[in-house]
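The values are calculated or read from the model by the stated rules, or taken from the named source; none is laboratory data. This is a predicted model, so every value here is computed, not measured. Positions of Cβ are generated from backbone atoms using ideal geometry, with glycine treated the same way; all protein chains shown enter the neighbour counts.
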Amino acid sequence: MCGFSFTVFVSAFQLLPTAPFHIIDLGGSTFASGLFLGFLTYASAFSAPATGAIADRLGQRRILITSSVALALFSIAYAVITDYRILLALVIVHGVFWSGLLSASAAYMINMLPERRRAEGIGYWGLSSVAAIALAPTLGFWIYRHGWGWLCAEAAALNVIMCVIAITLKEHDPAPVHQAGSKGLLEWRVLLLSGTLFLYSYSYGGITSFAAMYADANLVTPKGIYLTTLALVILVTRPTAGRLGDRLGYRRVFLPCLVLISLGLALLAMGGTRASMIISAIIFGVGFGTAYPVYVSYVMRDVSPARRGAAFGAILAAFDTGIGTGSTTMGWVIQRHGFPFAFGVAAAISALALPYFLLIERILRNRKNRIPHP
């Protein structure tokens, strides 16, 4: 599974930072360049509850194989499309299969992990994707200098490798239909609480799409320095953070992470020098990299095995909606007000995550306490 996730994210994070440059080369605007990640994540978000529930019923391995094949075909199509509007339309369909891949792989991992070490296990598994993100932008820009077609061909080859890895995995038994479907497609409690992820993942959408452009505008080299630093910080801190969550409590570790995310973004908004970008990536990386595994572990305590795909679909829906909104709207804000203002807006939005979490948590707890027990 670590090998699968590493390959998934090496492929994806070569395309995501380079696609905005390719769209501009095809005649698109800065706003249009942000729509690639925006459309991908919106499509993923809106389809995730359904694809997560389907993974519960049909089996996670089957969804991983199907999604890997589909992503290989999309990569090939991107290489030959010359109209950026068609490319943006295709990425919407891409997002549906992306959500199936992420929901199925996350549910598959949860089924493998002992409950008392869940955050640690998710943290270790996440290192494979973080290592990929550390490598992929620099590798992607290097290949992109040789041509967009070469980049897409290499991404397609990686997707084929993903498929081969998925075929070798042992299938977990799908949940019985009467269990997996007993509460409908959506885990509403999880979705409501995951609005927290929407608020802080907004900034991640902007960083993924525009951190390289921000560096380029300020003559900072290499262009991928922010994403690379961010990935390296998460690689170093996440294993320890996962263990802390298991031992000290997931909520106790999660709340300070929300503060660090806002601080890192505020620093990024204050300046675009190499030093400020590196320090911002360190602070943001500690918070952002730790937040996800402890949040997932916190939520999954109350989710049955038959509903884990649906629960991850709800988490992914909130997370990807935030990323898509950040990528799309920050492109518009940057075009009119510049990079510092746009990242300042992201910092302000992420600052709402902490009070939102505390409020919704209290509402859900009170509602649960009012339900009579037999």
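If you go through the stretch 67-82 one residue at a time, do you hit one that is closer than 30 Å to Pro239 by Cα, of a type in the set (S, T, N, Q), within 17 Å of the chain's Cα centre (by Cα) and modelled with pLDDT under 90?
Among the residues of the stretch 67-82, not one is closer than 30 Å to Pro239 by Cα, of a type in the set (S, T, N, Q), within 17 Å of the chain's Cα centre (by Cα) and modelled with pLDDT under 90, which makes the answer no.
Does His172 qualify as being in contact with a Phe, Trp or Tyr (Cβ under 8 Å, 6 or more places away or on another chain), in a loop (DSSP other than H, G, I, E, B) and either at pLDDT 90 or above or surrounded by fewer than 18 Cβ atoms within 10 Å (Cβ to Cβ) (or both)?
Yes: the conditions hold for His172.
Residue-by-condition table, conditions (1) at pLDDT 85 or above; (2) assigned to a loop (DSSP other than H, G, I, E, B); (3) hydrophobic (A, V, I, L, M, F, W, C); (4) over 23 Å from the mean Cα position of the chain (by Cα):
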position: His146; (1), (2), (3), (4): yes, yes, no, yes
position: Glu154; (1), (2), (3), (4): yes, no, no, no
position: Ile165; (1), (2), (3), (4): yes, no, yes, no
position: Phe198; (1), (2), (3), (4): yes, no, yes, no
position: Leu230; (1), (2), (3), (4): yes, no, yes, no
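Criterion first (among the β-branched types (Val, Ile, Thr), in a helix (DSSP H, G or I) and over 16 Å from the mean Cα position of the chain (by Cα)) does Thr41 satisfy it?
Considered against the rule, which asks whether it is among the β-branched types (Val, Ile, Thr), in a helix (DSSP H, G or I) and over 16 Å from the mean Cα position of the chain (by Cα), Thr41 comes out as no.
Go through (1) modelled with pLDDT of 85 or more; (2) part of a loop (DSSP other than H, G, I, E, B); (3) not charged (D, E, K, R) one by one and return the number of the condition Leu158 breaks.
Failed condition: (2).
So Gly147 fits all but one of (1) more than 16 Å from Leu71 (Cα to Cα); (2) buried (at least 18 other Cβ atoms within 10 Å of the Cβ); what number is the exception?
(2)
So, in the stretch 57-88, exactly how many residues are among the basic types (Lys, Arg) and under 20 Å from Ile23 (Cβ atoms)?
Here the count works out to 1.
Give the stretch 301-333 a look and list any residue that's surrounded by 24 or more Cβ atoms within 10 Å (Cβ to Cβ) and aliphatic (A, V, I, L, M), or say none.
Passing the criteria: Ala310, Ala311, Ala314, Ile315, Leu316, Ala317, Ile323, Met330.
Just give me the residues in the stretch 214-228 being buried (at least 22 other Cβ atoms within 10 Å of the Cβ), over 17 Å from the mean Cα position of the chain (by Cα) and not hydroxyl-bearing (Ser, Thr, Tyr), in sequence order.
Once the filter is applied, which keeps residues that are buried (at least 22 other Cβ atoms within 10 Å of the Cβ), over 17 Å from the mean Cα position of the chain (by Cα) and not hydroxyl-bearing (Ser, Thr, Tyr), the stretch 214-228 yields Ala215, Gly224.
So for the stretch 245-261 (the condition being modelled with pLDDT of 90 or more, within 28 Å of Ala32 (Cα to Cα) and out of contact with any Pro (no Cβ under 9 Å at 6 or more places or on another chain)), does at least one residue qualify?
Yes, because at least one residue in the stretch 245-261 is modelled with pLDDT of 90 or more, within 28 Å of Ala32 (Cα to Cα) and out of contact with any Pro (no Cβ under 9 Å at 6 or more places or on another chain).
Yes/no matrix, rows are residues, columns are (1) touching a residue at least 60 places away in the same chain (Cβ under 8 Å); (2) of a type in the set (A, V, I, L, M, F, W, C):
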residue	(1), (2)
Ala211	yes, yes
Tyr214	yes, no
Val220	no, yes
Thr229	no, no
Ile234	yes, yes
Thr237	no, no
Thr240	no, no
Asp246	yes, no
Leu258	yes, yes
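Residues are listed down the side, and each one gets a yes or a no for (1) over 19 Å from Ile207 (Cβ atoms); (2) modelled with pLDDT under 90; (3) surrounded by fewer than 24 Cβ atoms within 10 Å (Cβ to Cβ):
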site: Leu15; (1), (2), (3): no, yes, no
site: Pro20; (1), (2), (3): no, yes, no
site: Gly28; (1), (2), (3): yes, yes, yes
site: Gly34; (1), (2), (3): no, yes, no
site: Ala43; (1), (2), (3): yes, yes, yes
site: Ala48; (1), (2), (3): yes, yes, no
site: Thr51; (1), (2), (3): yes, yes, no
site: Arg57; (1), (2), (3): yes, yes, yes
site: Gln60; (1), (2), (3): yes, yes, no
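Failed condition for Gly140, given (1) out of contact with any Pro (no Cβ under 8 Å at 6 or more places or on another chain); (2) modelled with pLDDT of 85 or more, with all others met?
It is condition (1) that Gly140 fails.
Could you run through the stretch 19-36 and say how many residues are touching a Pro at 6+ places or on another chain (Cβ under 8 Å) and under 24 Å from Ala157 (Cα atoms)?
Total meeting the criteria: 1.
Consider only pairs whose beta carbons are under 8 Å apart and that are at least six residues apart or on different chains; among these, list those whose first residue lies in the stretch 266-277 and is under 8 Å from Pro340 (Cβ atoms) and whose second residue is in a helix (DSSP H, G or I) and aromatic (Phe, Trp, Tyr).
Ala269/Phe341; Ala269/Phe343; Gly272/Tyr214; Gly272/Phe339
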